[in-house]
Structures are given as structure tokens and as C-alpha cells.
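> Structure provided below as C-alpha cells; questions to follow.
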Amino acid sequence: MYACIHCREGSRQALLNLAFTFSPRVEDTAPDAVTLDIDGLERMFGPPPALAERIVRLASDAGLRVEVGVASNPDAAVCAARGLGGIAVIPAGQEARLLAALPVSLLFAAAAEIEETLRLWGIRTLGELAALPEAALSARIGQEGPRLQKLARGAGCRPLLAFSPVPGFEHSLELEYPVALLEPLFFVLSRLLHELWAGLEARALATDELRLRLHLEDRSADERDFRLPFPLRDHRACLKLMQLELEQRPPKGAVTAVWLAANPVEPRVLQDGLFIPLAPAPDKLEVLLARLANLVGQENVGSAELLDTHRPGTFRMKRFVIQASGTKPRISQITQILRQSAKSVASILAFRVFRPPLPAQVQARQGRPERIAARGVKGNVVSLAGAWRTSGDWWKSDGWDRDEWDVALSDGALYRIYCDRATRAWFIEGSYD
Amino acid sequence: MRPASLKAELQSALSARFGSYLNFQEKPAPELLFTGIPEVDAVAGGLPRGCLTEIVGPPSSGRTSLLDSILAAATSAGEICALVDAGDSFDPETAAAAGVNLEQLLWVRCGARPADALKATDLLLQGGGFGMVVLDLGDIPPRQARRIPLTSWFRFRRGVEHKPTCLVAMEQEPYAKSCASLMLEMRRQRECWSGAAGCSQLLDGAVVQAARRKPAGRDLTTKAQRHQESFLVSSYLGGSTRTA
């Protein structure tokens with residue numbers, strides 16, 4: 001048996017809350033109606049009329065004015081609640097007779113076009129619709145006709161579409177005593193993640209963002225946000241990411257409570273081609289990048305991005321992300337220009353940069369370097385080219401103005417040196433290799 | 001009788017009876033990754049995947065030019081590559097000019113800490129999925145690099161074995177010993193200058209020699225031209241240009 005609660009004035013959430021107090025199987029039928037499965041509730045609430053009265057009473061206490069229809073199928077219950085008003089209990093087998101006088105407009109699912117057709121035919125009530133010949137109705141308005149006719153007879157047989165509220169994927173744990181060490185904290189995180197993932201897996205969901213809040217002993221909170229570049233379903237990878245992050249930046253005090261939340265999203269579905277080049281698995285790559293960042297520092301791991309400036313050796317490190325398979329590799333505009341200019345040569349003489357530039361002692365005659373000495377570099381200039389004067393950003397505090405030279409030293413290496421014109425200091429910028 | 005010839009004689013004697021079953025334990029030839037420089041490919045035949053390759057040479061011998069060319073060839077083919085830069089000396093600008101797709105290259109800067117570079121290489125090999133992993137020890141002084149224990153190289157060899165990854169180590173001297181499957185020695189023969197000496201001279205490039213030292217091979221000379229850095233920038237922004 002099914003009961004439908006209809007309320008003309010009231011919030012949808014209030015209706016759902018009312019329905020959930022009686023049955024765990026509730027359908028969010030329409031903004032003004034909910035349907036609940038009342039099979040097996042006789043022992044708790046008595047027969048259906050008593051249950052319906054109880055629903056109305058409880059709704060009245062909550063300030064809602066509702067109509068309740070009880071029938072053997074959800075659609076008949078909805079029609080009864082909307083059309084008959086008050087409390088309407090339709091015994092099994094009596095649906096067609098009791099619903100016959102109700103207007104056709106109660107069939108809320110009917111398309112406006114069909115409703116207009118029925119009106120032109122002079123069909124006003126459900127009984128008139130139920131009396132039409134089924135084959136002729138199907139021939140005129142298609143498959144929707146017999147379906148509506150079945151609803152008009154109160155003989156619908158669709159299952160109840162149970163409403164499952166989207167849970168907030170968050171878990172928290174108050175610790176019995178403050179935890180100062182990371183290792184016990186990882187056990188707590190592992191447990192919370194496990195619980196979180198059980199909920200996500202039960203709903204076939206993944207997450208692309210995790211939020212961790214650590215309540216510290218001094219009543220402050222340490223919040224961390226883990227944004228994942230793609231939806232992840234492996235809780236071990238997430239735990240590893242958290243471990244690496246906490247090892248790199250441990251909390252500033254003992255932890256008294258942990259709160260963890262995940263943003264639920266649909267999992268990523270990918271079908272790689274047979275001839276796509278090898279690439280690291282995305283979840284493994286995330287953990288690998290976190291490990292590398294833990295080892296050498298976040299700012300030292302990633303891919304280089306050239307900047308649109310004349311300043312020598314300017315680039316920016318950015319997060320390393322693998323482009324989706326099948327997409328054409330994105331090449332920056334500056335890289336394209338560099339490539340076009342270098343297209344005519346077979347290979348480029350590469351440059352190795354000294355970071356920071358090596359301060360050098362340079363003996364010069366008539367402004368031309370003759371002997372160079374720096375840490376690890378020493379020799380006479382065998383051949384040289386220059387000087388090329390470059391300058392820029394003079395309007396800023398970090399502008400540059402220098403004379404550059406390419407020199408071949410007696411130690412057998414080729415270097416690029418420069419003289420800072422502001423300070424008259426010499427530096428070795430790097431070597432050609 | 002030498003063991004190799006004895007083995008060959010036994011195989012030929014038994015092949016009629018056992019057929020190809022005698023050869024089933026032989027290692028299949030590794031897949032090769034081309035360097036992008038035909039002359040070097042002619043010398044080395046390409047870099048073997050699943051093996052350790054050493055590129056050895058003193059500073060300014062053309063090692064990095066060769067490396068950039070290899071990375072350009074690999075990233076152009078859509079491979080994901082990783083560069084462990086022990087000396088933090090990689091220049092993205094010349095690499096991009098050589099054709100390296102920087103988006104496809106994971107750059108790990110170790111700031112002159114070889115121990116971190118070894119750990120990072122190990123992590124990358126364990127992580128898997130990279131078409132090429134490069135360990136750049138080119139600026140690490142030999143007396144420091146010689147302290148890398150041989151067990152590390154054995155670990156690298158085992159880590160890359162049976163994987164479609166090409167592990168390349170760039171050094172001033174060979175350190176991996178028997179762990180390397182291929183060793184290329186680079187040497188600069190001469191640098192090329194153009195223009196009038198003393199007033200308008202330009203460094204055009206250098207003629208470098210690539211020699212396969214392991215397994216033993218023939219020498220071949222190739223010419224690596226200098227990347228005209230300032231010219232490239234000026235062609236975009238209209239700034240200063242180095243011209244003779």
C-alpha cells in the first residue's frame with residue numbers, strides 16, 4: 001500500500017521530513033506531493049485509515065494542512081490525495097470506481113498537447129478516459145494514451161522511486177587525548193578516510209576535493225584543502241597525499257579533533273587508445289608529485305613555462321599536469337616562436353645556467369676580457385664574441401643593464417659572461433654545452 | 001675453447017633435435033628511442049628502453065645539446081619525460097628552441113644536492129609511466145659524483161628493467177660501470193665563430209663528436225649549432241639583436 005501526502009502550501013523539505021517520520025521509503029513525487037510506502041507499518045501505526053489520520057494530525061501540529069490518499073499503487077494514491085481531499089483510503093480493486101469522477105487534469109504527467117486533445121474530445125473525467133477503447137486511443141495519441149488510461153483506472157504499476165538524500169560526505173572524530181605525533185594522526189585519518197570512502201563507493205561516486213580541519217590544543221584550527229586535478233576513487237592515494245602534506249607542513253600543535261570532508265563528484269570515465277604513448281597513471285602521478293615536492297620542495301617540481309619578457313633566463317614553474325589523451329599537446333606562444341626561429345638548424349647548442357650567476361674576477365684590456373677566475377672556473381680567454389648590451393625594466397627596481405660576452409677559455413669550455421653596468425661587477429651566467 | 005664458441009657449437013649440435021627451445025631464455029632486443037640527430041642514431045642505433053644510457057663528456061662537449069634533442073624527439077612523439085636536474089642548470093629557453101615540449105617535461109630541480117637527485121630518480125622509476133627519465137649530473141664535480149654507490153646504479157638498472165622507460169644519465173665521467181647498457185662519449189672538436197675577430201665576432205656553434213664507448217662502436221662527427229637566444233627573443237619583441 002502507498003500513501004500520498006499532498007500539501008498546497010508548504011515547503012518541500014517539510015513534506016519530506018513529515019514522510020520520513022513514518023517510512024524510510026519515500027518518493028519525492030512533485031513539489032507539492034510526496035508518496036510513501038506504508039507496507040508493514042500496521043503494527044506501529046495501525047491500519048491505513050489510522051495511519052492517514054496520524055499523518056494529518058502530525059502535519060497539523062507542524063502547521064501544515066495536508067490531504068492524504070492511500071491506495072494500492074503510487075499513482076492512484078496521488079490521484080486520491082489530490083482529487084478526493086481530506087483522508088481518502090481506496091481499497092484494492094476499487095480504484096477505477098472511486099477515481100472515475102475526478103477531473104482528467106489530475107494526471108499531472110500528461111503532456112499539455114494531450115490534455116488539449118482530450119478536452120476537444122469532451123473527455124473531462126478519469127472515468128470517461130478509462131472508458132475509451134484502448135486500441136483507438138493508442139492509434140490517435142500514441143503510447144501515452146494507454147498509459148494515461150491505465151492511470152485513470154487506478155491500475156498503475158510503476159515502482160516507487162525512493163528518494164535518497166545526498167549525504168554530506170564528512171566525518172569527524174574527537175580524540176580522547178591530544179595527539180602531537182604525526183603517526184597516530186595518520187591512523188585517525190586513515191579511519192576517517194575509510195568511512196568517507198565507504199559512503200562514496202556505496203553511491204558510485206568519487207571526489208575531487210578533500211577538506212581537512214585539525215582542531216588544535218590551543219583552540220585554533222588548522223585547515224587544509226586538497227584539490228585533486230581529477231576525481232579520485234583510491235582512498236590510499238588520498239591518504240598518502242595527506243601524509244606527505246602533513247609531513248611537509250606539520251600542524252603547529254597537538255590535535256584534539258579531526259574533521260574531514262569530501263566533495264562528491266561523478267567518477268571520471270576514460271577509454272585510452274591502443275596507440276596512445278605511455279603516461280603515468282593520474283593517481284600515481286599525484287602521489288609521485290607530492291613525494292617529489294616533499295623531497296625537493298613544492299617550488300622545485302613542475303613544468304617550466306616561459307614568460308613573455310626580454311629578461312634573460314626568465315621562466316615560471318607551474319604544476320605538472322598531463323594533458324588528456326587524444327588532445328593535441330598545447331605549446332605556448334613563446335615556445336612556438338622560438339621553434340620557428342630555430343627551425344633552420346639541425347640542433348641547438350644548449351646552454352647550462354649557473355643559478356645564481358657565479359661572481360667572477362675578470363682582467364680586461366680596453367674593455368675586453370682576457371682572464372677569468374671564479375669558483376670552479378679559471379683560465380685565459382682564447383676567443384670571444386661581444387659585447388652585446390642588453391637592458392630592460394629600467395623603470396623598476398629590479399631592472400637590468402649589462403654587457404654580455406661569449407668566451408672560450410683555456411680550460412676548454414665555452415661560457416657566457418656579463419658585466420653589470422650599474423655595479424661594474426662581472427658574472428658567469430652559464431656555459432654552452 | 002672459449003665459452004661463447006662452446007655454447008654456439010652445442011646449440012648448433014642440438015638445434016636439430018630441440019629447435020628454438022634452446023634460445024627461449026635469450027633477452028629480446030630492447031625497443032629503441034631515437035635521438036633526433038641522424039648522425040648519433042647512426043652511431044648508437046637509438047637509446048634502448050628498459051636500460052640505462054650514459055652520456056658522458058666534459059663541460060661544453062655538446063652533452064646537453066644531445067640531451068635536448070633527445071627530449072625534443074620524445075616529447076614531440078607525445079611521451080611524458082622527467083628531468084632530474086641535480087645541478088639546477090637546465091635552461092628551458094634553449095630547450096624549447098630545440099623543440100622540447102615543456103608541458104610534457106616534468107622538471108625536478110635538486111639544487112646541487114646529488115643525494116636528492118638519486119632519490120628523485122628512484123621515485124620516478126618506481127612511479128612508472130614515463131617514456132624517459134633523465135638524471136643530469138653534468139655539473140656535479142667528478143670527485144663528488146664518484147661517491148655515488150654502485151648499488152644506486154644497480155637499483156636504477158633494476159628499476160628500469162622490463163619497463164618501457166629509457167633512463168639517461170648525463171655525467172662528466174662514466175659512473176654506472178656495468179649497469180649502463182649504452183655509453184655515448186661526447187667531445188667538442190672546435191667551436192665555430194663568424195664575423196671579423198675583435199669587433200663583430202659571433203659564436204655560431206660547435207662541432208662535437210659523439211662516440212659510442214659501450215658497446216664499442218665507431219665515431220661519427222656531428223655539428224651542433226648555437227641557439228641564437230637574443231635573436232629569437234628580439235624577433236618577437238623587436239628588441240636587441242646579436243648580429244655580425
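Read-outs: derived from the displayed coordinates by stated rules, not from any lab. Not measured: the values here are computed from a predicted model. Glycine also receives a Cβ, built like all others from the backbone with ideal geometry; neighbour counts cover every protein chain displayed.
> Rank A:GLY85, A:LEU129, A:VAL353 by how far each Cα sits towards the positive end of the charge dipole of chain A (+1 on Lys, Arg Cβ; -1 on Asp, Glu Cβ) and give me just the farthest.
The residue sitting farthest along the positive end of the dipole is A:VAL353.
> Does the protein assembly as shown come out rounded, prolate or oblate by the C-alpha gyration tensor, with a ≥ b ≥ c the root eigenvalues, rounded set by a/c under 1.5 and, if not, prolate when a/b is larger than b/c and oblate if not?
Because a/c hits 1.5 or more and a/b exceeds b/c, the protein assembly as shown counts as prolate.
> Once R0 is set to 60 Å, what does the formula 1/(1 + (r/R0)^6) return for the Cβ-Cβ distance between A:ALA202 and B:GLU173, expressed as a FRET efficiency to the nearest 0.05?
0.55
> Further question: Going by Cα centres, segment B:84-141 and segment B:31-59 are how many Å apart?
Measuring centre to centre over Cα atoms gives 17 Å.
> Another question about this same structure. Which entries in the list A:LYS318/B:LYS163; A:LYS240/B:LYS177; A:LYS284/B:LYS163; A:LYS240/B:LYS119; A:LYS318/B:LYS177 go over 25 Å, if you measure between the two C-alpha atoms of each?
Cα-Cα > 25 Å for A:LYS318/B:LYS163; A:LYS240/B:LYS177; A:LYS318/B:LYS177; rest within.
> Where in segment A:15-36 does the label zone of A:LEU161 land, with the point 7 angstrom along Cα→C-beta and an amide N cut-off under 14 Å?
A:26-35
> Let me ask something additional. Take the alpha carbon gyration tensor of segment A:351-432, find the square roots of its eigenvalues, order them as a ≥ b ≥ c, and report rounded if a/c is under 1.5; if not, report prolate when a/b exceeds b/c, else oblate.
It comes out prolate by the Cα gyration axes.
> Taking the number of other C-beta atoms within 10 Å as the exposure measure, put A:LYS396, B:LYS214 in order starting with the fewest.
A:LYS396, B:LYS214
> Now for a separate question. What number, in percent, do you get for the relative contact order of chain A if the mean sequence gap of Cα pairs under 8 Å and at least 6 apart is divided by its residue count?
Rounded, it is 8 percent for chain A.
> List every residue whose amide H lies under 5 Å from the amide H of B:ALA82, counting only residues 5 or more places away in sequence or on a different chain, with H placed 1.01 Å from N in the peptide plane.
B:LEU106, B:MET132, B:VAL133, B:VAL134
> Continuing with this model, one more query. Please arrange B:THR75, A:THR390 by how many other C-beta atoms lie within 10 Å of their C-beta, fewest to most.
Lowest count first: A:THR390, B:THR75.
> Now for a separate question. Using the Cα gyration tensor of segment A:170-265, with a ≥ b ≥ c the square roots of its eigenvalues, what is the shape: rounded (a/c below 1.5), prolate (a/b larger than b/c) or oblate (neither)?
Verdict is prolate for segment A:170-265.
> Relative to the Cα centre, what is the charge dipole magnitude of the protein assembly as shown, using +1 at the beta carbon of each Lys and Arg, -1 at the beta carbon of each Asp and Glu, and rounding to the nearest 20 debye?
2140 debye
> Let me ask something else about it. So in the protein assembly as shown, what percent of DSSP beta bridges are antiparallel if you round to the nearest 5?
Roughly 80 percent of the DSSP beta bridges within the protein assembly as shown come out antiparallel.
> I'd like the FRET efficiency for A:GLU370 and A:ASP401, computed as 1/(1 + (r/R0)^6) with the beta carbon distance as r and R0 of 22 Å, rounded to 0.05.
So the FRET efficiency works out to roughly 0.45.
> Per 0.36 nm of contour for each residue apart, how much would the distance between A:ARG12 and A:ASN380 grow if the chain were fully extended, relative to their Cα-Cα spacing?
Result for the pair: 123.8 nm of gain on full extension.
> With a 10 Å Cβ neighbour count serving as the proxy for reagent exposure, in which order, fewest first, do A:GLU429, A:GLU115, A:GLU247, A:GLU404 appear?
Result, fewest neighbours first: A:GLU247, A:GLU115, A:GLU404, A:GLU429.
> Using a Förster radius of 60 Å, what is the FRET efficiency between A:GLN298 and B:ARG17 based on their Cβ-Cβ separation? Nearest 0.05, please.
Rounded to the nearest 0.05, the efficiency is 0.40.
> Which order do the peptides A:252-262, A:42-52 come out in when sorted by mean C-beta neighbours inside 10 angstrom, highest first?
In descending order of packing, they fall as A:252-262, A:42-52.
> Restricting to bridges with both residues inside segment B:1-153, how much of the DSSP beta-bridge set is antiparallel, in percent to the nearest 5?
Percent antiparallel among DSSP bridges in segment B:1-153 is about 15.
> Can you list residues from other chains, or at least 5 along the same chain, whose modelled amide H is less than 5 Å from the amide H of A:GLU370?
For A:GLU370, whose amide H was placed from the backbone, the distant partners under 5 Å are A:GLN363, A:ALA364, A:ARG365.
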